[in-house]
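Engineer: Quick one: this structure, given as structure tokens, is what I'll be asking you about.
The values are calculated or read from the model by the stated rules, or taken from the named source; none is laboratory data. Keep in mind that this is a model prediction, so the values were computed, not measured. We place every Cβ from the backbone using ideal geometry, glycine too, and count neighbours over all the protein chains shown. Each accessible area value is taken on the protein alone, full model and side chains, heavy atoms only, with ligands, DNA and RNA left out. Shrake-Rupley method; radii C 1.70, N 1.55, O 1.52, S 1.80 Å.
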Amino acid sequence: MNKISRRTMLQEVSLAAGLSAVGGVWAEGEPKPSTSPNEKLNIACIGVGGQGAGDLSSVSSENVVAMCDVDSDRAAASFNAHPKATKYTDFRKMLEQKDIEAVTVSIPDHNHYVATTAAMHLGKHVYCQKPLTHSVLEARHLAKLSQHTKLATQMGTQGHAFEGYFKLVEIIQSGMIGNVTEVHVWTDRPNKWWPQGMMSVPRSAPVPATLDWQQWLGPAADRPFTKSYLPFVWRGWYDFGTGALGDMACHLMDPAFWALKLTHVESVEAASVGGTEISPPISSVIKYNFAARGEHPAVQLTWYDGDNLPAKSLFGTDVVPKIDNGSLFIGDKGKLLINHGDNPILLPLKKFADAALPTPSLKRSPGHYLEWINACKTGSPTGSNFRYAAAMTEAVLLGNVAIRSGSKIEWDAAAGRVTNLPDANKLLHNHYREGWKL
């Protein structure tokens, strides 16, 4: 596919059908092209305000040749910092620029898939913010597309490069805390960051002169502008975001997926407060059940958000620091606690006071963004590549399916469907408006 039409993008295909109807740039097994490690990469950035400004800054050691943002006001500082880069409001038009080799995607969740897929079909390496996609079937499709194209990919889970995460994985895989059968993961969001549980859409307002509202909506259904959608607060609306779960779980569940080699979930059960048809709940507790994996036993991972926290009894008698975003791993020989971004803590403290950590066995990251840049140039691996990230994103977003279904769901990963609640399958995919169908 040499060009993506700004009108139709790609022919409409069934996401569940995988790649059978989707063209690719290279045949399966053919190596991807590489830029010389000594040459700078030509990068284009989709979304350069907010989080996008940080992503742009992190790849600015390379050649930033194009930038796209729908809000010229929020993007002004980034635009001014790179005067030679060609500026766009429509990423579909930007992707036709011939010298682009790699793309960063730092825009609201509902646009992740269309932007990422368009770039990959044109043979461009992609860095995409988390969650990788807005829907479960989008994640499954991107995993297949990534395998097919063999492009360098990375999801924006910066913690995957943290030293504390490497130590956590080595501790758990060394067997220091034994067989892990429970993981508890919690966040202080959304209450401190943006509202959720909205009952109705507030009154419309004039579209700001600096905003291209139709491009911001992208594949979402047309509707009037309201300040309650952006910036950032779009996370609290199902049409655009995925709530506290989508915002934080790809960060906080990452160590569990990595250390315990989790892939597809078997069932998900959620209890929540304050959710509506259009907005995620103000708080939730979600239980994810994973089957045994070879020598690894079955695992139940419990997610807590809003004001919910794991029971204090789970931590034992030790006094532990207050942690707003943390994980607790429970094994049959001990426990491991981590405040995300810090080093892990072995519990009970007395038992592990003099314990030596395992000899480092994992190759450390040169840096989250540099991993991806190096991969674009040389084909070296990335920690949060799309095949890994898609499986985690699928499991994370099934939590929202369980919340919205109001019932426990049983998941058939091979078939890509909920088996016990047929209506829940309607929540696995998005409906794109005309002109954005994939």
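Engineer: Within the group Gln154, Gln158, which residue is open to solvent by 10 Å² or more (accessible area, probe 1.4 Å) and not aromatic (Phe, Trp, Tyr)?
Structural biologist: Numbers: Gln154 fails: open to solvent by 10 Å² or more (accessible area, probe 1.4 Å).
Matching residue, one of Gln154, Gln158: Gln158.
Engineer: How about the stretch 340-358: which of its residues are open to solvent by 40 Å² or more (accessible area, probe 1.4 Å), out of contact with any Ser or Thr (no Cβ under 9 Å at 6 or more places or on another chain) and free of Cβ contacts under 8 Å to residues at least 60 places away in the same chain?
Structural biologist: Ile345, Leu349, Lys350, Lys351, Ala353, Asp354, Ala356 - these are the residues of the stretch 340-358 that are open to solvent by 40 Å² or more (accessible area, probe 1.4 Å), out of contact with any Ser or Thr (no Cβ under 9 Å at 6 or more places or on another chain) and free of Cβ contacts under 8 Å to residues at least 60 places away in the same chain.
Engineer: So how many residues does the stretch 82-121 have that are of a type in the set (Ser, Thr, Tyr), open to solvent by less than 20 Å² (accessible area, probe 1.4 Å) and outside any strand (DSSP E or B)?
Structural biologist: Looking only at that region, the number is 4.
Engineer: Where the second residue is part of a loop (DSSP other than H, G, I, E, B) and open to solvent by 20 Å² or more (accessible area, probe 1.4 Å) and the first is over 21 Å from Asp71 (Cβ atoms) and of a type outside the set (S, T, N, Q) and lies in the stretch 94-109, which pairs have Cβ atoms under 6 Å and are six or more apart or on separate chains?
Structural biologist: That search, which allows pairs on different chains as well, returns nothing.
Engineer: Here's a follow-up. What pairs come up if the first residue lies in the stretch 133-144 and is over 16 Å from Ala220 (Cα atoms), the second is among the small types (Gly, Ala, Ser) and modelled with pLDDT of 95 or more, and their beta carbons are under 6 Å apart, counting only those six or more places apart or on different chains?
Structural biologist: The qualifying pairs are Ala139/Ala390; Arg140/Gly416; Leu142/Ala390; Ala143/Ala390.
Engineer: Still on this structure, please answer the following. When only residues in the stretch 405-438 that are β-branched (Val, Ile, Thr) and in contact with a helix residue (DSSP H, G or I) (Cβ under 6 Å, 6 or more places away or on another chain) count, which is surrounded by the fewest Cβ atoms within 10 Å (Cβ to Cβ)?
Structural biologist: Our first condition is that a residue be β-branched (Val, Ile, Thr); within the stretch 405-438, this holds for 409, 418-419.
Add one more test, that the residue is in contact with a helix residue (DSSP H, G or I) (Cβ under 6 Å, 6 or more places away or on another chain), and what stays is 409, 418.
Working: Ile409: 22, Val418: 25.
Among residues in the stretch 405-438 that are β-branched (Val, Ile, Thr) and in contact with a helix residue (DSSP H, G or I) (Cβ under 6 Å, 6 or more places away or on another chain), the one surrounded by the fewest Cβ atoms within 10 Å (Cβ to Cβ) is Ile409.
Engineer: Which pairs have Cβ atoms under 7 Å, sit 6 or more apart or on different chains, and link a residue in the stretch 219-231 that is surrounded by 12 or more Cβ atoms within 10 Å (Cβ to Cβ) to one that is small (Gly, Ala, Ser)?
Structural biologist: What qualifies is Pro224/Ser204; Phe225/Ser204; Phe225/Ala205; Thr226/Ser204; Thr226/Ala205; Lys227/Ala205; Pro231/Gly50.
Engineer: Turning to a different aspect of this structure: Among the residues that make up the stretch 166-188, is at least one of them under 20 Å from the mean Cα position of the chain (by Cα), more than 30 Å from Phe352 (Cα to Cα) and either free of Cβ contacts under 8 Å to residues at least 40 places away in the same chain or not in a loop (DSSP other than H, G, I, E, B) (or both)?
Structural biologist: No, there is no match, as no residue in the stretch 166-188 is under 20 Å from the mean Cα position of the chain (by Cα), more than 30 Å from Phe352 (Cα to Cα) and either free of Cβ contacts under 8 Å to residues at least 40 places away in the same chain or not in a loop (DSSP other than H, G, I, E, B) (or both).
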